[in-house]
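Shown next, in structure tokens, is the structure this report addresses.
The values are calculated or read from the model by the stated rules, or taken from the named source; none is laboratory data. Bear in mind that the values here come from a model prediction, so they are computed numbers and not experimental data. Quick reminder, even Gly has a Cβ in these numbers, built from the backbone with ideal geometry, and neighbours come from all protein chains shown. In case anyone asks, the SASA skips ligands and DNA or RNA and just uses the protein heavy atoms, side chains included. Shrake-Rupley method; radii C 1.70, N 1.55, O 1.52, S 1.80 Å.
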Amino acid sequence: MEWLTDTKIPVGRIAGIAFDWLQINGAAVFDGIAIFLEGLIDILLALFLSPPGIGWLTGAEDYVPAYPAEYHPLLVIAVFAGLTWYLQHRWQVCLLVILGFLFVLNQGYWEETSESLTLVLSACVVCMGLGVPIGIAVAHRPKLYAWVRPVLDLMQTLPTFVYLIPAIVFFGIGMVPGLMATVIFVLPASIRLTHLGISSTPKPLIEAAQAFGATPRQLLWKIELPSALPQIMAGLNQTIMLSLSMVVIAALVGADGLGVPVVRALNQVNTSLGFESGFVIVVVAIILDRALRVRQR
């Protein structure tokens, strides 16, 4: 067997050369991505933590909040409850959302929860913005999907700690590399479920629309997307849940949120802090799952 092990395929060296080339030649692209993502994160974090007022979101020194900051979490909870009612039309789920967020507030994890929700929502914006168009494209081109599918498998099965390394190299330490690692891990779910929904559109509907002279654009917007909406919403739900599962890993590269106390508890072997912060993550996951779950009609 020596003949097999003597000549090692230089997988790691090739990857290192590729990342070095990207770091040198793609600095402007990565800086632009970082600026966009930092702006998105700052806006969402301000929505969760800062009451609106004069100079809001602009960083003005004369910022004057419209009401005391301690009441802002209650407004955010009310907005989440209203959104839940709009999506579910069940008072029980709304009550669960309110009680869950009040529990988080009671435990003193509102700021960390807001930072984690910012990371989750930012990942959703990026993943759905990329995943839905890509899913539509590969659903219409089976040969393209045959090439894309191994890449999606690699993105989902490669250990997350491996692609945390290039994320740090390209974007440094902070929320942005944590967000990029989350996007890489989560993006395949939205692509696959969008592809499934578009591909599963009933053939009689498509044939009937074509018989009436529907253009490809009309076929997509009036037939395929409405038919695939449950799968796309399931993709959104999975995107949110998978993003939330990454908060601890994102904390290892400097991302703020609920992962920070978990990592601190691990370093200190602090069981009470670990269980407390871990239970808050579970509560937030249950809230988001129940609020955004696709209703069976």
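Here is the figure for the range 262-281: residues that are closer than 30 Å to residue 87 by Cβ and open to solvent by less than 10 Å² (accessible area, probe 1.4 Å) total 2. Checking the structure you have, find out if any residue of the range 234-251 is more than 30 Å from residue 177 (Cβ to Cβ), modelled with pLDDT of 85 or more, open to solvent by 50 Å² or more (accessible area, probe 1.4 Å) and not basic (Lys, Arg). No, every residue in the range 234-251 fails to be more than 30 Å from residue 177 (Cβ to Cβ), modelled with pLDDT of 85 or more, open to solvent by 50 Å² or more (accessible area, probe 1.4 Å) and not basic (Lys, Arg). Please work out which one of (1) open to solvent by 40 Å² or more (accessible area, probe 1.4 Å); (2) of a type outside the set (Val, Ile, Thr); (3) within 27 Å of residue 87 (Cα to Cα) is the condition residue 219 fails and give its number. Residue 219 satisfies all of (1) open to solvent by 40 Å² or more (accessible area, probe 1.4 Å); (2) of a type outside the set (Val, Ile, Thr); (3) within 27 Å of residue 87 (Cα to Cα) except (1).
Residues in the range 282-297 that are part of a helix (DSSP H, G or I) and open to solvent by 30 Å² or more (accessible area, probe 1.4 Å) were compared, and the one that is nearest to residue 87 (Cα to Cα) is 292. Consider the range 166-224 and keep the residues that are in contact with a Ser or Thr (Cβ under 7 Å, 6 or more places away or on another chain) and hydrophobic (A, V, I, L, M, F, W, C). The one that is nearest to residue 23 (Cα to Cα) is 181.
Evaluated against (1) open to solvent by less than 40 Å² (accessible area, probe 1.4 Å); (2) in a helix (DSSP H, G or I); (3) small (Gly, Ala, Ser), residue 208 falls short on exactly one condition, (1). Taking the criterion of being β-branched (Val, Ile, Thr), open to solvent by 40 Å² or more (accessible area, probe 1.4 Å) and over 18 Å from residue 119 (Cβ atoms), the residues of the range 141-182 that qualify are 151, 157, 162, 165, 169. Taken together, 84, 5 contain a single residue that is surrounded by 12 or more Cβ atoms within 10 Å (Cβ to Cβ) and either β-branched (Val, Ile, Thr) or at pLDDT below 85 (or both), which is 84.
Across the range 80-138, the number of residues qualifying as under 21 Å from residue 185 (Cα atoms), more than 15 Å from the chain's Cα centre (by Cα) and in contact (Cβ under 8 Å) with a residue 60 or more places away in the chain comes to 3.
Residue 114 passes every criterion in (1) modelled with pLDDT of 90 or more; (2) in contact with a Pro (Cβ under 9 Å, 6 or more places away or on another chain); (3) exposed (fewer than 15 other Cβ atoms within 10 Å of the Cβ) apart from (3).
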